[in-house]
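Below is one structure, written out as structure tokens, with a few remarks after it.
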There are 2 protein chains.
Amino acid sequence: MIEFSGNTDTSQPKVVIIGGGFGGVELAKRLADAPVQVILLDKHNYHTFQPLLYQIATSGLDSASIISPFRKIFENQKNFWFRLTEVLSIDTEHKHVKTKIGSLNYDYLVIATGAETNYFGDQQMAQNAIAIKSIDDALTLRNTILCNLENALQAKDEEQLNTLMDFVIVGGGPTGVELAGALSELRKHVFPKDYRELNIKQMDINLVQSGNQLLKGMSEGASRKALEYLQRYGVKVWLNSRVKSYDGRTAILASGEEIKTHTLIWSAGVTGAPIPGLRPESMLPGNRIKVDEYNRVAGYENVFAIGDVAAMTSEAYPYGHPQVAQPAIQQGNLLAKNLRRLIHNESLMPFNYHDKGSMATIGRNHAVADLKVFKKNYSTQGFFAWLIWMFIHLISIISFRNRLIVLLNWIVSYFSYDKGVRLILGKKKDHAGFSND
Amino acid sequence: MIEFSGNTDTSQPKVVIIGGGFGGVELAKRLADAPVQVILLDKHNYHTFQPLLYQIATSGLDSASIISPFRKIFENQKNFWFRLTEVLSIDTEHKHVKTKIGSLNYDYLVIATGAETNYFGDQQMAQNAIAIKSIDDALTLRNTILCNLENALQAKDEEQLNTLMDFVIVGGGPTGVELAGALSELRKHVFPKDYRELNIKQMDINLVQSGNQLLKGMSEGASRKALEYLQRYGVKVWLNSRVKSYDGRTAILASGEEIKTHTLIWSAGVTGAPIPGLRPESMLPGNRIKVDEYNRVAGYENVFAIGDVAAMTSEAYPYGHPQVAQPAIQQGNLLAKNLRRLIHNESLMPFNYHDKGSMATIGRNHAVADLKVFKKNYSTQGFFAWLIWMFIHLISIISFRNRLIVLLNWIVSYFSYDKGVRLILGKKKDHAGFSND
């Protein structure tokens with residue numbers, strides 16, 4: 001049994017939050033002065049600012065600048081406890097969570113485990129593609145990209161050279177678009193200097209999107225401009241296309257075309273990451289947990305789910321809200337209020353999603369933004385959108401130190417046309433058969 | 001065979017440098033406009049600023065802020081080539097270097113492989129201690145320290161608690177002293193907030209030094225002050241003492257005393273890291289390569305060694321120069337001149353070490369410095385020494401971006417009393433039997 005000690009009243013109800021993503025952290029913060037014990041469980045000791053993972057992968061930022069230790073975030077919150085562990089299962093009958101380091105009881109349980117990469121059951125793809133959902137993924141991708149170029153210097157033939165120098169990104173959502181843009185900046189400004197011995201023009205960046213437009217869900221103007229920018233940067237965009245199979249060397253498109261690549265980046269979908277122990281009726285397709293308008297898991301009194309792992313279906317959102325930061329943060333915020341109300345036997349307030357819009361950056365001076373301000377839609381593309389994108393991301397980063405360091409990196413990169421963190425440090429995709437093994 | 005292409009004359013003599021530490025990088029830079037091909041081989045794609053490794057290990061700085069990619073450092077140097085590989089052996093008869101990715105010929109070979117941790121043949125120690133000679137070591141140490149405290153929250157008994165919370169540092173040179181100081185800052189300012197559930201006062205920091213003073217080789221004032229500062233910070237300094245054995249749980253001192261610790265940090269000695277292929281007569285005790293006053297390896301015409309791996313013995317330095325940055329940099333600098341002279345059939349200039357002094361920082365506002373300015377000795381301790389220490393280290397860091405980021409981190413840390421990079425990310429020492437496995 002995991003025990004907690006400290007200087008607040010340990011007889012207060014225990015709110016156990018599984019997962020410290022946007023939703024979990026927001027909820028824990030908003031409970032700061034509530035008469036509860038807030039217990040956060042996470043398998044990492046840090047919160048990840050996921051929207052900038054692609055900049056880690058493309059050597060623009062270092063990992064430490066977008067992650068913050070939970071203990072630092074909550075250092076002044078007296079009713080906060082943290083345990084570094086993985087949750088194995090929950091037992092709703094006994095109000096009990098089983099973790100790798102022991103069990104603990106809860107009075108209120110909040111599942112905020114987020115989403116993980118969805119390969120839609122394609123085992124071969126899962127084994128050979130690189131995902132981009134965690135710091136670990138992003139570092140693996142960075143190391144792989146850089147090792148590819150180092151190995152390309154020793155390529156034995158043209159096929160091996162292409163396999164190492166060509167990239168395929170599957171999925172034309174914000175992550176895919178931002179990655180393709182950042183990779184093309186590396187190709188234009190950084191790699192020609194770093195690898196004078198290679199003909200960097202040979203490097204192909206392919207972006208494969210199943211639908212007929214990029215950034216599905218954004219305005220038509222945003223989609224069209226994103227496509228235009230990417231094509232201007234020399235990214236090969238394959239619309240209405242999909243990768244049928246990938247064995248680690250050759251991506252075969254549904255149309256039969258083949259692309260030789262050692263690096264296929266999969267950003268084509270996510271699936272909820274629930275915890276064993278809920279009854280099957282609580283689950284929806286896509287592994288999301290069915291919740292009511294209070295984020296309460298269907299059929300339970302004191303179990304809640306927020307963020308990517310939760311699906312609150314409504315007329316406006318028949319499959320639940322988009323799996324991005326804003327719904328998670330807003331649900332965490334409201335749930336903090338509702339938990340207080342529950343404790344005081346007051347009626348709960350239903351969730352109302354305030355869509356603030358969406359954005360994607362393609363490269364220096366180029367972004368697309370659909371904003372909602374006072375319920376009005378504004379759509380803008382280009383330099384102004386890029387400034388807004390930077391501003392919004394900067395202020396959203398959790399710690400003051402990280403905000404400064406990201407800003408500094410961006411300023412240096414902007415004026416030097418450089419991406420300074422091109423370090424091969426840690427895991428990379430297996431380079432079997434290539435020279436640097 | 002490794003081949004090189006590029007826009008300079010590939011018929012020029014090849015200078016092959018093995019290792020991109022302080023010496024190797026200085027030499028390569030100084031050969032920028034020499035009529036040679038400069039080829040650098042290293043098993044990492046980045047240069048490490050070793051003097052700040054201890055700050056990586058103690059969450060003060062992130063790894064990326066003290067390492068710089070070689071390709072970035074040399075991006076404007078036309079006669080520079082880099083290969084990411086490990087050298088397996090050299091064949092001086094055929095002027096040939098064998099690497100993991102193929103072989104290459106040289107006209108001049110420079111061995112700049114540095115030094116590695118010396119456990120003096122103690123296999124058990126090598127297996128259980130943590131070294132601090134590379135980024136990988138420093139990250140392993142950081143992850144281990146932080147995991148220890150996370151695990152301490154779940155300790156089953158007092159002995160396990162002590163094993164996790166107590167630290168032993170072996171070796172009272174600059175690294176050991178700086179580590180002990182930084183750890184005691186974590187204990188004082190950071191851990192009490194992060195781990196309110198633990199009694200952080202229980203955390204013991206032991207520094208074991210075989211001789212009767214710390215910072216051997218520095219002035220008596222510096223040694224005495226360093227001891228005084230550390231004791232004021234609550235570090236247990238064991239002088240005239242040594243660790244006889246360590247099985248991963250218990251360090252046994254020569255005096256018979258036992259310290260339970262999961263974390264023993266070994267900074268008690270280094271040994272040269274030479275490459276197979278030199279004849280035995282070229283080697284000195286401590287695995288260093290015997291070189292003449294031109295850094296030429298004894299018995300060879302065109303093989304040189306510089307930095308930690310080289311030993312240039314003289315009356316003033318009967319065992320060679322100290323294995324620190326300055327001799328390596330100065331030897332690299334001179335060798336660049338001498339290689340030009342060799343090519344032009346001019347006589348070589350002998351090496352003359354300009355000792356600029358040494359420094360160590362113990363904690364905020366506290367450092368000790370012995371400086372040599374215009375051949376005069378100045379010794380200072382305290383705040384002024386600490387300012388000098390920071391200034392010298394800052395200007396010595398290679399890239400502009402890193403210099404800014406380190407400065408920014410130091411400023412934020414200074415005013416917040418915080419060390420922000422306490423992230424568990426990557427390898428750690430095996431916690432067999434402890435809770436978080």
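Return the residues of region B:364-383 that are closer than 23 Å to residue B:58 by Cα and surrounded by fewer than 20 Cβ atoms within 10 Å (Cβ to Cβ); say none if nothing qualifies.
Listed by number, the residues that qualify are B:364, B:365, B:382, B:383.
Got a sec? Which strands (runs of 3 or more DSSP E) wholly within region B:229-308 have at least 1 residues that are of a type in the set (Lys, Arg)?
Filter on region B:229-308 gives B:236-238, B:243-246, B:258-260, B:288-290.
Tell me which residues, restricted to region A:206-232, are of a type in the set (D, E, K, R) and either more than 14 Å from residue A:363 (Cβ to Cβ) or surrounded by 13 or more Cβ atoms within 10 Å (Cβ to Cβ) (or both).
A:216, A:220, A:224, A:225, A:228
Suppose the filter is modelled with pLDDT of 95 or more and of a type in the set (Val, Ile, Thr); does residue A:2 pass it?
The answer is no for residue A:2.
Give the residue, chosen from A:255, A:267, that is more than 14 Å from every other protein chain (Cβ to nearest Cβ) and under 24 Å from the mean Cα position of the chain (by Cα).
Of A:255, A:267, the one residue that is more than 14 Å from every other protein chain (Cβ to nearest Cβ) and under 24 Å from the mean Cα position of the chain (by Cα) is A:267.
If you go through region A:88-98 one residue at a time, how many are closer than 19 Å to residue A:4 by Cβ and buried (at least 19 other Cβ atoms within 10 Å of the Cβ)?
2
Of everything in region A:1-30 that's assigned to a loop (DSSP other than H, G, I, E, B) and of a type in the set (A, V, I, L, M), which residue is farthest from the other protein chains (Cβ to nearest Cβ)?
A:1
Of the conditions (1) crowded, with 19+ Cβ neighbours inside 10 Å; (2) touching a residue at least 60 places away in the same chain (Cβ under 8 Å); (3) assigned by TED's automatic domain parsing to the domain that holds residue A:378; (4) not polar (S, T, N, Q), residue A:308 clears all except one; give me its number.
It fails just one condition, (3).
What do you reckon, is residue A:43 surrounded by fewer than 22 Cβ atoms within 10 Å (Cβ to Cβ) and farther than 30 Å from residue A:402 by Cα?
So residue A:43 fails the test.
Report yes if some residue within region A:147-158 is of a type in the set (Asp, Glu) and within 26 Å of residue A:367 (Cβ to Cβ); otherwise report no.
no
Tally the residues that are crowded, with 17+ Cβ neighbours inside 10 Å and among the hydroxyl-bearing types (Ser, Thr, Tyr), restricting the search to region B:329-358.
Of the residues in that region, 1 qualify.
Could you list, in sequence order, the residues of region A:196-210 that are aliphatic (A, V, I, L, M) and under 25 Å from the mean Cα position of the chain (by Cα)?
A:205, A:207, A:208
Run down A:54, A:106 and say which single residue is hydroxyl-bearing (Ser, Thr, Tyr) and either surrounded by fewer than 20 Cβ atoms within 10 Å (Cβ to Cβ) or within 16 Å of the chain's Cα centre (by Cα) (or both).
A:54
Go through region B:360-369 and give me each residue that's touching a residue at least 24 places away in the same chain (Cβ under 8 Å) and within 11 Å of residue B:387 (Cα to Cα).
Scanning region B:360-369 gives B:361, B:364, B:366, B:368, B:369.
So which helices (runs of 4 or more DSSP H) stay within region A:152-205 end to end and still have 1 or more residues that are more than 14 Å from every other protein chain (Cβ to nearest Cβ) and buried (at least 18 other Cβ atoms within 10 Å of the Cβ)?
Result: A:158-165, A:174-185.
Could we say that residue A:427 is within 14 Å of chain B (Cβ to nearest Cβ), among the basic types (Lys, Arg), touching a residue at least 40 places away in the same chain (Cβ under 8 Å) and surrounded by fewer than 20 Cβ atoms within 10 Å (Cβ to Cβ) here?
Yes: the conditions hold for residue A:427.
What number of residues within region A:335-363 satisfy the criterion of being among the hydrophobic types (A, V, I, L, M, F, W, C) and closer than 30 Å to residue A:225 by Cβ?
The number of residues fulfilling the criteria is 3.
Hey, residue B:395 hits all of (1) modelled with pLDDT of 95 or more; (2) not assigned by TED's automatic domain parsing to the domain that holds residue B:311 but one; which does it fall short on?
The number of the failed condition is (1).
Within region A:406-418, is there a residue that is assigned to a loop (DSSP other than H, G, I, E, B), within 14 Å of chain B (Cβ to nearest Cβ), under 20 Å from the mean Cα position of the chain (by Cα) and in contact (Cβ under 8 Å) with a residue 12 or more places away in the chain?
no
For residue A:361, indicate whether it is buried (at least 17 other Cβ atoms within 10 Å of the Cβ), touching a Phe, Trp or Tyr at 6+ places or on another chain (Cβ under 8 Å) and not in a loop (DSSP other than H, G, I, E, B).
yes
For region B:370-402: of the residues being within 14 Å of another protein chain (Cβ to nearest Cβ) and free of Cβ contacts under 8 Å to residues at least 12 places away in the same chain, which is nearest to residue B:22 (Cα to Cα)?
The extreme case among them is B:400.
The values are calculated or read from the model by the stated rules, or taken from the named source; none is laboratory data. This structure is a prediction, so every number in the text was calculated from the model and none was measured. Reconstructed Cβ throughout: ideal geometry from the backbone, glycine too, with neighbour counts over all protein chains shown.
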